[in-house]
Every structure is written in C-alpha cells, then in structure tokens.
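We did not get these values from a lab; they are worked out from the coordinates using the rules stated. Keep in mind the model is a prediction, meaning the values are calculated, not measured. Every residue, glycine as well, gets a Cβ built from its backbone with ideal geometry; the counts of neighbours run over all protein chains shown.
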Amino acid sequence: MNSNSNSNNNNKESGGGDIVVQQQKQKQPSHTCCTPIGLNQMKWNVVKPTGQPIPPFSLTHHPLAIIIGWIDASPKYVERYNKLYRDNGFCTLSLIPSSKLHFLYKKMKELALNFLNYLLEIEKDTPRPIIIQVFSGNALFLSEVYHILKRNDKFKMIIPLIKGQIFDSCPSSISEMRAYNSLVATKPPMMVKIMAKLACRTYSKVVDVDKLDKDFWSRLSNSPILSPQLYYYSYDDQLTSYQDVEKGISIMRKQGIQVSTVVFDKSKHVNHLGVHPVKYLSNLYKFLESTLKPPLAGNRINNNKFLSSSPASLLSAPTSAYKTLMSKL
C-alpha cells in the first residue's frame, strides 16, 4: 500500500509539474513592446538578444534598435521587426504611441520627453549605437523627439549615438481625412468608424489642423539628427501618399542628410516587408552595414556573417529556403 501510495504521489507531482510548465508557457509574453502607462508614459523595456553575437562592425556593444510602431498597431505584428533585429545581434526598444496622442499633442510631447529621459539613462550606462525605425503616422512622435533634441542640451549626448533612421510608409501630411483613414485602417465595426469620423470632424473644427501640419513639417525641416536615412514606400499606398514621402525626402536632403530610398510599385501600407521580403531585407542589410560599420574598418564583410536571415544568400536560393526564412520573421 505504501508503494502504491508513493507511486500515486509521484504521478501527481509529475502531473503538477507538467501543469506548471504549461502555465509558464502560457505566461510568456507574445510580444516585447513597451506597455503603456496612461498616455504619456510607458513601462520601458529594452530586450537583449539571446545567444547572438555583436554584429561584426567593430562594435563593443550590441547596438540598439528603436522601433516606433504604426498607429493602433497590433504588438504581435511589430514583434516580427523586433525579432528580426534581435536575431541579428541588436537589443530592441519598441513602442506604439496611442492614436489618442494625435488628438492630444501635449501628451505626445510628454511621452517624447519621457522616452528621451529613459534613453539618456540607459545610454549613459552603456552607450550603444542606435538605429531608429519608425512607421506611418507615428513619425509625428519622432518629430517631437527632434524638437526636444534641438532645444534641450540635456540630451545632446544621444544625438551622435543615432547612426541611422529608417522610415517605413512615412512621413505623411496631417489632415482630417488622413486621420480618419488611419483610425479605420484596421477595419473596425461600423459604429467605431462613425465615432472616428465624428471625432476627426469635431477636432478639425476646434483645432487649427493646417497649423499642426505646418508645424510637423517644420520640425522635420530642423532635424538635429544628421545621420543617414532609409525610406521604404509605395506608389500603391492608400494611407500615405508617395508624394508626402518624397516631400519628406526632399526636406531631409536639403539639410545635407544622406538619404536612400526603396520604392515599390505595388505594396500596401506598412506591409512592404511582407510583400517584398528579399528586397526589403537586402536594402536593410546594406543600410545597417553602411551606418554601423566604421569607415576604416576594412573591406566589405561577408553578408552571411551578419544577417541570420541573410537576403544576399537568398537572392539565388531555392524557394524552400526563402519560405524557411519568412517563417522565422
């Protein structure tokens, strides 16, 4: 009887262990984006790569990729960009500013300030080279970051650490129509669409939207960050006009900023990686190499030593290899 009892107890313990493991798996977060705390603050979270070496660009620390997701983005979709960077030796810090901040500009400014205070704190401890990637309408958030960096010397040590910026499906003009299209891009229920239209219409009557748009472009025209930029955009984008993106490109070039562009004939809003992965990744690699690698670090390195999802090797690879890559993103 004692033997049977012990056996039963062992089975229960084993079963309990399985349950604990299952619960732990369930508790694992599906994304690593920063968690909002109200509108103007985040639970900031830098995620380090697991088991990945420092990219071979004569760096002493893992670089930091800052990813600013599009308006009302689902964190699970932003996460594939986080994973892409971490799989290649980057730390990541990602955030999705709330769509409400586009109606509450004071809160947007406060979030930008809180973001820079956090960035200053972590960069003082470990000064990592930084790549910023911003999507869609939340280029507005980045413009507020520009404004603060331009005016506040407290954050001046951050500027030379920013080695490159990537704009995906942005910048875009500010208007009642564009605000509405952005809010309903995820195809919400009809009642939500009606409420969004009323909110945009009411807001445009009490706020000078033309001035907001003018101020936005003005902040971009006075960028304190002069490091190279890469733009992904499409002639087929229904939310961000290619003419707006090219206006932004012209503004940056007039400031002496080196700009590279990747334009697609057919590719929907913030879906360029999904539709054109090889072209997207190959240009991303070239940009990261050119911005992170010191000018005198020697000859061009082998692509396969950097991107674990190396687009260069995939250009001539069989379709099966390409599908294996995309399943990891």
Worksheet item: If you take all C-alpha pairs in the range 75-164, what percent of them are over 23 Å apart?
Response: 25
Worksheet entry | FRET efficiency for residue 124 and residue 258, using Cβ-Cβ distance with R0 set to 35 Å, rounded to 0.05 | 0.80
Fill in: Local electrostatic count, residue 50, Cβ distance below 10 Å [Lys/Arg +1, Asp/Glu -1]
+1
Response to the item:
So the FRET efficiency between residue 250 and residue 60, C-beta based with R0 = 30 Å and rounded to 0.05, is 0.25
Fill in: Amide H within-cut-off set for residue 35, under 5 Å, with H built and near neighbours excluded
43
Discussion item. Using amide H atoms built in the peptide plane, which far-off residues or other-chain residues are under 5 Å from residue 65 H to H?
Written reply: 91, 92, 93, 131
Worksheet entry | Karplus 3J(HN,Hα) series, Hz, for the range 108-122 with 6.51 cos²θ - 1.76 cosθ + 1.60 (x for Gly, Pro) | 4, 4, 5, 5, 4, 5, 4, 4, 5, 4, 5, 4, 4, 4, 6
Worksheet item: Given the Cα-Cα distance of residue 243 and residue 268 and 0.36 nm per residue of separation, how much length would full extension add, in nm?
Response: 7.5 nm
Practice prompt. Would you mind ranking 105, 231 by Cβ crowding within 10 Å, fewest neighbours first?
Written response: 105, 231
Fill in: Difference of contour (0.36 nm per residue) and Cα-Cα distance, residue 214 to residue 275
18.7 nm
Worksheet item: For the range 238-293, what value does the Rg/Rh ratio take when both radii are computed over Cα atoms and Rh is the Kirkwood radius, given to two decimals?
Response: 1.00
Item to complete: Return the distance in nm (one decimal) between the two label points of a simple spin-label model at residue 235 and residue 221, each offset 7 Å from Cα along Cα→Cβ.
Response: 2.9
Worksheet item: Amide H neighbours of residue 260 under 5 Å, counting only residues 5+ apart in sequence or on other chains, H built in-plane at 1.01 Å?
Response: 229, 230, 231
